[in-house]
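Report on the following structure.
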Amino acid sequence: MKTSAPHREKAQAQVPGRLAGDRAAPYSGRQGPALRRLAMLAAAAFTAALATGCASHTPSAHVAAKPRPPAAAQQPAAAAHRPAAEPAAAPASSASPSTAAPGYTGPHFDTPQAAMIYLADAYNAGDLTALHHVTEPRAFSRLMSMRSDAFNLRLKYCTPNPRGDFTCYFRHDFPASEHKTGHGQAVFIAAPALNPGWYMYQFQSCD
């Protein structure tokens, strides 16, 4: 009958162990939900970070997707706004204007031959006013200096020169006092001008 006591002590000794185990189980059960909540929060934060990162790169992706117009496509537009080139100036002509300038009331000659015929007629008539219309001052002086040795001046022809003026050839008679036969020759240069169109520019020779 005394042998049952140790078994009761063993039974009583095991009670604290079960109680300890019972206390440990609820504690571990309380830690489980907390860990799960922490894991869920961490996962949510990671997902939010990924979403934020994707959103921050979206605009740059859209900017890069916009194609830049090629330089070749812009050239026609620039050419459309380019001002048209101005036409080249016409080369100066040796011909005189066909009409006199406004306000001019003197004679006007369209050709060097017409001017030189006018000059010869004025010379033969002694019309100094008319000669001034068709001569340069120095040429006028030289023309007057030959009056004592040449009369009946007549134009023969004019030839063009590379610079745009003309060399005109005349014939004249000698006065009887010189006892010469035949005809003499005078050479003048006719140049273009606004007024009177053509005129005697230079006295070349008279023989």
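Observations
- Hits in the stretch 162-179 (condition: out of contact with any strand residue (DSSP E or B) (no Cβ under 9 Å at 6 or more places or on another chain) and within 20 Å of residue 124 (Cβ to Cβ)): 176, 177, 178
- Of the criteria (1) modelled with pLDDT of 95 or more; (2) over 29 Å from residue 105 (Cβ atoms); (3) crowded, with 20+ Cβ neighbours inside 10 Å, which one residue 118 fails: (2)
- Selection within the stretch 115-146: residues that are in contact with a Pro (Cβ under 9 Å, 6 or more places away or on another chain), in contact (Cβ under 8 Å) with a residue 40 or more places away in the chain and part of a helix (DSSP H, G or I). The member of this set that is nearest to residue 206 (Cα to Cα) is 115.
- Matching option when the condition is out of contact with any helix residue (DSSP H, G or I) (no Cβ under 6 Å at 6 or more places or on another chain), among the aromatic types (Phe, Trp, Tyr) and in contact (Cβ under 8 Å) with a residue 40 or more places away in the chain, among 166, 188, 174: 188
- Residue-level check: of (1) at pLDDT below 65; (2) farther than 14 Å from residue 199 by Cβ; (3) in contact with a strand residue (DSSP E or B) (Cβ under 6 Å, 6 or more places away or on another chain), residue 96 misses just (2).
- Residue 181 being at pLDDT 95 or above and farther than 15 Å from residue 118 by Cα: no
The values are calculated or read from the model by the stated rules, or taken from the named source; none is laboratory data. Please read all numbers here as calculations on a predicted model, not as lab measurements. Cβ atoms come from the backbone with ideal geometry, glycine included; neighbour counts cover every protein chain shown.
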